[in-house]
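Have a look at the structure below, then the notes.
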Amino acid sequence: MPDRVSHLSRRAFVAFGLGGAALTLSGCDALDSVLGDDDPVPPGAVTPTAPAADADSTLVDEVATAIAEAGALAAATGTTIAPLARIGDRLARIHASHASELGRTEAAAPPVVTGPRAAALRTLLANEAALQKRLVAAAQTAESGALAQVFASMAAALAQQRVVLS
């Protein structure tokens, strides 16, 4: 009597096929680790689909310069006009902190502040408002989400100070 021929079920066929594929793929990984990983892209090369590493660097430089200039104006206003010393010092410290966060360590050249106290205060507050708008615009145009959050936080800090000063 002939032996009964066993048939392979579809489920078994699919299971063996997936198992064989998994074994083959893991074998390729093991072989790569033994022979060394030969990447087609040399180290340090940028892939064409990756965003430019300095996509936001120009924006950061422009904003850092604006912050440094605002800090110089605040410091000069506080130094030149005694009644505005506390306000100027507070804003200068905030701007120095913001500039440091963006990697800027050098200060801008201090401007010459002249005129009565009220005019100097108006000039200082107008400059702070313009910087706040610049930070909001920078937050909207930044390609990096983390950088956009930093700019938005800086704009919020200036908005709080402007409310306190008004």
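The values are calculated or read from the model by the stated rules, or taken from the named source; none is laboratory data. Just so it is clear, the structure is predicted and the values come from calculations on it, not from any experiment. All Cβ positions, glycine included, derive from the backbone under ideal geometry; neighbour counts span all protein chains shown. Side chains included, ligands, DNA and RNA excluded: accessible areas come from the protein's heavy atoms. Shrake-Rupley method; radii C 1.70, N 1.55, O 1.52, S 1.80 Å.
Summary table
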item: Given (1) of a type in the set (A, V, I, L, M, F, W, C); (2) modelled with pLDDT of 90 or more; (3) more than 27 Å from Thr58 (Cβ to Cβ); (4) exposed (fewer than 14 other Cβ atoms within 10 Å of the Cβ), index of the condition Val112 fails; result: (2)
item: Condition check for Glu143: in contact with a Pro (Cβ under 7 Å, 6 or more places away or on another chain), at pLDDT 90 or above and not hydroxyl-bearing (Ser, Thr, Tyr); result: yes
item: Selection count, the stretch 122-149, where residues are part of a helix (DSSP H, G or I), in contact (Cβ under 8 Å) with a residue 40 or more places away in the chain and either open to solvent by 30 Å² or more (accessible area, probe 1.4 Å) or at positive phi (or both); result: 5
item: Boolean, Ala75 is small (Gly, Ala, Ser), in a helix (DSSP H, G or I), more than 20 Å from Gly145 (Cβ to Cβ) and over 22 Å from the mean Cα position of the chain (by Cα); result: yes
item: Residues that are open to solvent by 30 Å² or more (accessible area, probe 1.4 Å) and either touching a residue at least 40 places away in the same chain (Cβ under 8 Å) or within 21 Å of Asp56 (Cα to Cα) (or both), drawn from the stretch 150-166; result: Val150, Ala152, Ser153, Ala156, Gln161, Leu165, Ser166
